[in-house]
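*Asks:* Sharing a structure with you now.
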Amino acid sequence: MAVKIENQYQGKLPRNTLTIVERALGSVPREHLRGIERLRLVSVITEPRARMAAKGSDLPGLYHPRQGNQGAWFEIALTPLTSANKPFHKRIIPRLSFKGNLSAVIFSLVAQHYHLTLRHSVKRGSVEPAVRAYVEKQLKAWNESQHKIRAKLFKPLQPTLERWSRSLAKRAAAEKKKKG
């Protein structure tokens, strides 16, 4: 059964939003979406418990687990992703990175569902690292499928770039440790 996409966003959706959502959900293995009934696009998440847990910040996505006979579903807030209520100069970067950010939110919600309901070997304390690893893996595969020519061009350079990033991260950690 396909995931039903509900649009409850007030205003005009950013360009190709529904296409991005469908492609992101299509790139995830079907068995990871088992039990998900719908994905709801809203302006802002209004769940009071989630707002308290996030300490007032704008949540881009929320996973609603299965409760009774109601199936699990996702809620995605588009205002935090587009920064629609901010000045123009602060909206440029979020608009340019909207496609990737929306896909990352979808993958994180799928990962939460997968690790909390379908994957029973993950303990409660280790869910967050497992979700991060899942999102990173899915984003890498999704990015390669979206940008085939660029992926083929940079594939030989990727190990060198990853090595550089690891050495820079080590150097930054050592610098941070040295400062205090």
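The values are calculated or read from the model by the stated rules, or taken from the named source; none is laboratory data. The shown structure was predicted, so the numbers you read here are calculated from the model rather than taken from an experiment. Cβ: placed from backbone, ideal geometry, glycine included. Neighbour counts: every protein chain shown. With ligands, DNA and RNA removed, areas are computed over all heavy atoms of the protein, side chains included. Shrake-Rupley method; radii C 1.70, N 1.55, O 1.52, S 1.80 Å.
*Asks:* Suppose we keep only residues that are of a type in the set (Phe, Trp, Tyr) and under 14 Å from Phe74 (Cβ atoms) within region 106-139. Which one would you say is surrounded by the most Cβ atoms within 10 Å (Cβ to Cβ)? Walk me through how you get there before you give the answer.
*Replies:* Just the residues of region 106-139 that are of a type in the set (Phe, Trp, Tyr), to begin with: 107, 114, 134.
Narrowing further to those that are under 14 Å from Phe74 (Cβ atoms): 107, 114.
Working: Phe107: 25, Tyr114: 22.
It comes out as Phe107.
*Asks:* Is it the case that Ser103 is part of a helix (DSSP H, G or I), touching a strand residue (DSSP E or B) at 6+ places or on another chain (Cβ under 7 Å) and surrounded by 15 or more Cβ atoms within 10 Å (Cβ to Cβ)?
*Replies:* The answer is no for Ser103.
*Asks:* Which residue, of Ser126, Ser145, is in contact with a helix residue (DSSP H, G or I) (Cβ under 8 Å, 6 or more places away or on another chain), outside any loop (DSSP other than H, G, I, E, B) and of a type in the set (Gly, Ala, Ser)?
*Replies:* Ser145
*Asks:* Across region 122-173, what is the number of residues that are under 20 Å from the mean Cα position of the chain (by Cα), more than 17 Å from Leu109 (Cβ to Cβ) and acidic (Asp, Glu)?
*Replies:* Number satisfying all stated conditions: 1.
*Asks:* Of everything in region 140-171 that's of a type in the set (A, V, I, L, M) and open to solvent by less than 70 Å² (accessible area, probe 1.4 Å), which residue is nearest to Ser27 (Cα to Cα)?
*Replies:* Ala141
*Asks:* When the residues of region 20-46 are filtered to those that are assigned to a loop (DSSP other than H, G, I, E, B), of a type outside the set (S, T, N, Q) and open to solvent by less than 50 Å² (accessible area, probe 1.4 Å), which remaining residue is modelled with the lowest pLDDT?
*Replies:* Ile45
*Asks:* Also, I was wondering about something else. Out of all the residues in region 8-18, which are assigned to a helix (DSSP H, G or I) and open to solvent by 60 Å² or more (accessible area, probe 1.4 Å)?
*Replies:* Leu18
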